[in-house]
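Single-structure report; data block below.
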There are 2 protein chains.
Amino acid sequence: MNRYFDYAATHPMTHAALDHYVAMAKNVYGNPSSLHTQGYMAEDYLTEARRLIKQALGLDMLRGKLLFTGSGSESNYIALTSLRKRMKGKEVITSWHEHDSVALLLEEWEREGIIVHRLKLKDGKFDLDAFTHLLDRDIGLVTLQHVNSDTGWVLPLHHIQCLLKYKKILFHVDGVQALGKIPISVEGIDAYSFSAHKVGGPKGVGALYMERLIPPPYYPGHHQYGIRPGTIDVPGISAFAKALGERQEQLTRFQRNFMAFRAILKEKTSAHVHWLEFDEQSPAIFSFVSHQRDGQWWMTELDDLGFQVSAGSACRAGQNGPNRMLEALGYETSACHGLVRISFGAYTTAEDTSALADAIVILARRVEHHEQTFSR
Amino acid sequence: MNRYFDYAATHPMTHAALDHYVAMAKNVYGNPSSLHTQGYMAEDYLTEARRLIKQALGLDMLRGKLLFTGSGSESNYIALTSLRKRMKGKEVITSWHEHDSVALLLEEWEREGIIVHRLKLKDGKFDLDAFTHLLDRDIGLVTLQHVNSDTGWVLPLHHIQCLLKYKKILFHVDGVQALGKIPISVEGIDAYSFSAHKVGGPKGVGALYMERLIPPPYYPGHHQYGIRPGTIDVPGISAFAKALGERQEQLTRFQRNFMAFRAILKEKTSAHVHWLEFDEQSPAIFSFVSHQRDGQWWMTELDDLGFQVSAGSACRAGQNGPNRMLEALGYETSACHGLVRISFGAYTTAEDTSALADAIVILARRVEHHEQTFSR
């Protein structure tokens, strides 16, 4: 029996999105660039998907451009590579706990001479003072994760937008873990990245909202404003729009459910593990820190008991190393390996969550017993 | 009523591939990087898909690397960008009639100082003499399309492989229109690009076979040998393997059917239009040249009669300009705009093909009547 609590890594396609995908694959299979009935039909569905997705971003149809990519990581890559060409200042502000697709690219930029400032959290909060102070420097770009993938921590986006409003600083936000989990408005943001499979759309579909068109990082082609090559996956994109629309409609219900699941976990397990809570947090992600065992141990042991959880961002899976978010929160080095992420989705139930809580307690007791035996 | 003859632009997902996709999306939705049951299961299906696809390329499981991308165009981009870093010589050989994803990238390389030689056809054949002659120069890379997307013309791959065998020249082949249409062996090829949606797999899945690992063109990440970012679309890739496996099993039957469809078209319409035939040609593509009307006119008129065809490669759709393959074949400039491409797929029937032939005759007679009226 498998009980899946790794929705932040990837969410299975929702029933509605999958049904829609099947109908599209059967009936709307043309290449939207083709100037015939099948092409026009594909183009129509693509336009409608753009409209629905822009609506979820709080935009009307005519505002900005929506580019479809292969993943949230690719969206981040295109956004940053492209914005770099328009940067007025020579320095970049980011955080200490970004996704690899941002963090590793910025490391490359540093080797090429760009100065990168990495903000750390201050008492679990975004360090607005440090940020404001840095804005006096020659900053060309700010790139920050909207919702932290390991802990659900939420960036105070509105504050930052206000601070940047009258400065000519480009602003990119990695919204992969935010879309469909918390309300979003991309007003005042130059580029916002997200991904279909995190909200019940198909894998292999990412997207990037851009306020203005930007020069292409790829070859000069014809698809998608000349920015991204390849036949557009209209069935996948349309299924994404379906999943997202459904999600947005029921956002309040989802959030309420997720809060209830968190309450179950806290109530049953707080005597044994330490849950990470923030003033502003995505309800879809709830992580605890273990001082005695690393995240990998918990993941494997819980898997044996039939529960899939994560030891942090799936994109860094297979890599060991202290969790940067925990470092930023001031945890001691040993504990920084002990992050266990529980994440909820459309098919999570209170019953399964309760069973997961019991399993966590069983394992925690086993660890405690083991520690006591050894310390005797 | 729509009768689709634009399978070379994009092939609808086959019934088997779509059923498989649905089963995968429901049951194997994990991220293959995740170290838990859902992750391991996804990894197992990914490995099996790699095995099936390598088999279709005439390779055993342990040979080379298979990278999954978002499209054939992206595969071409990654292949060329990566091989460039390993080029020993400073010049490149290609043809006059490549897909834009290759042609436009090479134009960029030229601006950066790389010398690019573009071969033209000689009497409808690959110019082996000119090619052999060029090999005396400082050639580092040869990149050629296996099957021409506009005409079905087939590259004499084996001859070229033999000529390159003892030289340290890298060889990339764009096999997007070859896979599942003609028998393939990638022996002696450094990189071979292809795409799922051309053979009844899902859109948004491309692939690239590489003989040896190459440095990444993207950011230094962790997915797919550190070459391509993003959560791997295992359901899509597995459905691609399903479609391809089915196709390979029935390749002889498909080829026989396609040859029969060509015979129907030729028999009924040869008095009116000129079909492009070559000694070596993919049976899946059959194009004719019209001297009096451009391809766009034919495409629109046939669409009105319920038939979807193409006026050449869909990736250049929306762009006007003479067809490079026709130029390479020596057609006069006016005729180079008059390419009409018919392409066959799994769901083409003799009955529909016969109806298409009748429609072509109706339109051809209308053109002839119009020309006569005006020339009187």
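Looking at chain A as a GNM with Cα springs under 10 Å, which of A:133, A:117, A:146 has the largest mean-square fluctuation?
Highest fluctuation among the options: A:133.
Starting from the stretch A:66-152, pick out the chymotrypsin sites (Phe, Trp or Tyr not before Pro) whose DSSP state is loop and whose Cβ has at most 15 other Cβ atoms within 10 Å.
Numbers: sites: A:68, A:77, A:96, A:109, A:126, A:131; in loops: A:96, A:126.
Loop-located and lightly packed - A:96.
Based on alpha-carbon atoms only, what is the radius of gyration of the protein assembly as shown relative to the globular estimate 2.2 N^0.38 Å?
On the way: Rg = 27.5 Å, N = 752, 2.2 N^0.38 = 27.3 Å.
The reported ratio for this selection is 1.01.
Residues of the stretch B:1-21 that become at least 30 Å² less accessible with every protein chain present than in their own chain isolated, using 1.4 Å: which are they?
Residues losing area: B:2, B:4, B:10, B:12, B:13, B:18, B:21.
Given the options B:66, B:105, B:144, which has the most mean-square fluctuation in a GNM of chain B, springs set between C-alpha atoms less than 10 angstrom apart?
For chain B, modelled as a Gaussian network with Cα springs under 10 Å, the answer is B:105.
For the Cα atoms of chain A, what angle does the longest principal axis make with the long axis of helix A:350-375, in degrees from 0 to 90, nearest 10?
For A:350-375 against chain A, the angle is about 50 degrees.
Roughly what would the spin-label model give for residue B:138 and residue B:291, points 7 Å off Cα along C-beta, in nm?
Here the modelled spin labels are 4.7 nm apart.
Rounded, prolate or oblate: which one fits the stretch A:282-376, using the alpha carbon gyration tensor with axes a ≥ b ≥ c (rounded when a/c is under 1.5, else prolate when a/b beats b/c, else oblate)?
Details: a/c = 1.87, a/b = 1.10, b/c = 1.69.
In terms of gyration-tensor shape, oblate.
Could you work out the helix-only [θ] at 222 nm for chain A, with each DSSP H run of four or more residues adding -39,500 (n - 2.57) and the total divided by the number of residues, to the nearest 500 deg cm²/dmol? Could you put the intermediate results ahead of the total?
Numbers: 12 runs with 153 residues, N = 376.
Value at 222 nm, helices only, nearest 500: -13000 deg cm²/dmol.
Rounded to the nearest 20 Debye, what is the dipole magnitude of chain B about its Cα centre when Lys and Arg each give +1 and Asp and Glu each give -1 at the C-beta?
740
May I ask you to list the aspartates and glutamates whose Cα is less than 15 Å away from that of residue B:268, ignoring any residue fewer than eight positions away on the same chain?
Once the sequence-local aspartates and glutamates are set aside, what remains near residue B:268 is B:351, B:352, B:358.
When we measure straight from the Cα of residue B:167, which lysines land under 16 angstrom away, once same-chain ones fewer than 8 places off are left out?
Reachable lysines: B:88, B:90.
Do you know the relative contact order of the stretch A:15-248, to the nearest whole percent, from alpha carbon pairs under 8 angstrom that are 6+ apart? Intermediate values should be presented prior to the final figure.
Details: 426 pairs, mean separation 71.3, N = 234.
Across the stretch A:15-248, relative contact order equals 30 percent.
Can you give the extra length, in nm with one decimal, that the chain gains between residue B:332 and residue B:117 once fully stretched, where that is 0.36 nm per residue apart less the Cα-Cα distance? Present the calculation step by step, with values, prior to reporting the outcome.
Values: separation 215, 0.36 × 215 = 77.40 nm, distance 2.28 nm.
75.1 nm is the gain from fully extending residue B:332 to residue B:117.
Would you mind classifying chain A by shape? Square roots of the alpha carbon gyration tensor eigenvalues, ordered a ≥ b ≥ c; an a/c under 1.5 is rounded, otherwise it is prolate if a/b is larger than b/c and oblate if not. Provide the component values of the computation, followed by the final result.
On the way: a/c = 2.11, a/b = 1.30, b/c = 1.62.
Oblate, because a/c is 1.5 or more while a/b does not exceed b/c.
Under a plain spin-label model, where a point goes 7 Å from the Cα along Cα-to-Cβ, how far apart in nm are residue B:88 and residue A:375?
For the pair residue B:88/residue A:375, the computed spacing is 6.5 nm.
Using a/c under 1.5 as the rounded threshold, could you call the stretch B:204-294 rounded, prolate or oblate? The axes a ≥ b ≥ c are square roots of the C-alpha gyration tensor eigenvalues, and prolate needs a/b larger than b/c, oblate otherwise. Walk me through the intermediate numbers first.
Working: a/c = 3.33, a/b = 2.18, b/c = 1.53.
It comes out prolate by the Cα gyration axes.
To the nearest 20 debye, what is the magnitude of the charge dipole of the protein assembly as shown about its Cα centre, counting +1 on the Cβ of each Lys and Arg and -1 on the Cβ of each Asp and Glu? Can you show the working numbers first?
On the way: 80 positive and 84 negative charges, 84 e Å.
For the protein assembly as shown, the charge dipole is close to 400 debye.
How much accessible surface area, in Å² rounded to 10, belongs to the heavy atoms of residue B:358 with a 1.4 Å probe?
So the heavy atoms of residue B:358 present about 70 Å² to solvent.
Going by amide H atoms built from the backbone, whose H comes under 5 Å of the H on residue A:339, apart from near neighbours?
It is A:290, A:295, by chain and number.
Using a 1.4 angstrom probe on heavy atoms only, work out the carbon and sulfur share of the accessible area of chain B in %. Please list the in-between numbers first.
Numbers: 7160 of 14410 Å².
Summing carbon and sulfur atoms, their accessible area is 50 percent of the total for chain B.
Estimate for me the total accessible surface buried between chains A and B (protein heavy atoms, probe 1.4 Å, no ligands or nucleic acids), in Å² to the nearest 100. Please list the in-between numbers first.
On the way: alone 16940 and 16980 Å², together 28800 Å².
Heavy-atom accessible area buried at this interface is about 5100 Å².
Please give me the summed charge of the neighbours of residue B:106: other residues whose Cβ is under 14 Å from its Cβ, Lys and Arg +1, Asp and Glu -1.
Working: positive: B:84, B:90, B:111, B:118, B:324; negative: B:91, B:98, B:100, B:107, B:108, B:110, B:112, B:174.
With Lys, Arg at +1 and Asp, Glu at -1, the neighbours total -3.
List the chymotrypsin sites (Phe, Trp or Tyr not before Pro) in the stretch A:152-217 that DSSP assigns to loop (not H, G, I, E or B) and whose Cβ has at most 10 other Cβ atoms within 10 Å. Which are they?
Within the stretch A:152-217, the qualifying chymotrypsin sites (Phe, Trp or Tyr not before Pro) (loop, at most 10 other Cβ atoms within 10 Å) are A:166.
Residue A:326: net charge of surrounding residues, Cβ under 10 Å, Lys/Arg +1, Asp/Glu -1, itself excluded? Provide the component values of the computation, followed by the final result.
Working: positive: A:324; negative: A:150, A:327, A:332.
Cβ neighbours under 10 Å give a net charge of -2.
Can you list residues whose amide H is under 5 Å from residue B:206's amide H, if they're 5+ apart or on another chain and H is modeled 1.01 Å from N?
Amide H neighbours of residue B:206, under 5 Å, 5+ apart: B:69, B:70, B:71, B:196.
If each of residue B:107 and residue A:127 carries a label point 7 Å out from its Cα toward its Cβ, how far apart are those two points in nm?
About 4.8 nm, to one decimal.
Could you work out the local net charge near residue B:61, counting Lys and Arg as +1, Asp and Glu as -1, over the other residues with Cβ closer than 13 Å to its Cβ?
Neighbourhood net charge equals +3.
For the stretch A:15-248, report the accessible area per residue in Å² (1.4 Å probe, heavy atoms, rounded to an integer). The partial results should precede the final answer.
Values: 8000 Å² over 234 residues.
About 34 Å² of surface per residue is accessible.
Can you spot the aspartates and glutamates whose alpha carbon is less than 16 Å from residue A:120's alpha carbon? Ignore those fewer than 8 places along the same chain.
Of all the aspartates and glutamates, those that pass the test against residue A:120 - Cα under 16 Å, at least 8 places apart if same chain - are A:98, A:129, A:150, A:327, A:332.
Nearest 10 degrees is fine. How inclined is helix A:37-56 to the longest principal axis of chain A, computing both from alpha carbons?
50
Relative to the longest principal Cα axis of chain A, at what angle does helix A:295-304 sit, 0 to 90 degrees, rounded to 10?
80
Can you list the residues, at least 5 places off or on another chain, whose amide H is less than 5 Å from the amide H of residue B:307, using H built in the peptide plane?
B:3
Where in the stretch A:44-114 are there trypsin sites (Lys or Arg not before Pro) that are in a DSSP coil and have at most 10 other Cβ atoms within 10 angstrom of their Cβ? Write down the numbers at each step before the final one.
On the way: sites: A:50, A:51, A:54, A:63, A:65, A:84, A:85, A:86, A:88, A:90, A:111; in loops: A:63, A:85, A:86, A:88, A:90.
Listed in order of number, the matching sites are A:85.
The values are calculated or read from the model by the stated rules, or taken from the named source; none is laboratory data. Here the structure is a predicted model, which means the values were calculated and not measured. All Cβ positions, glycine included, derive from the backbone under ideal geometry; neighbour counts span all protein chains shown. Accessible surface is based on the protein model in full, side chains and every heavy atom, while ligands, DNA and RNA are left aside. Shrake-Rupley method; radii C 1.70, N 1.55, O 1.52, S 1.80 Å.
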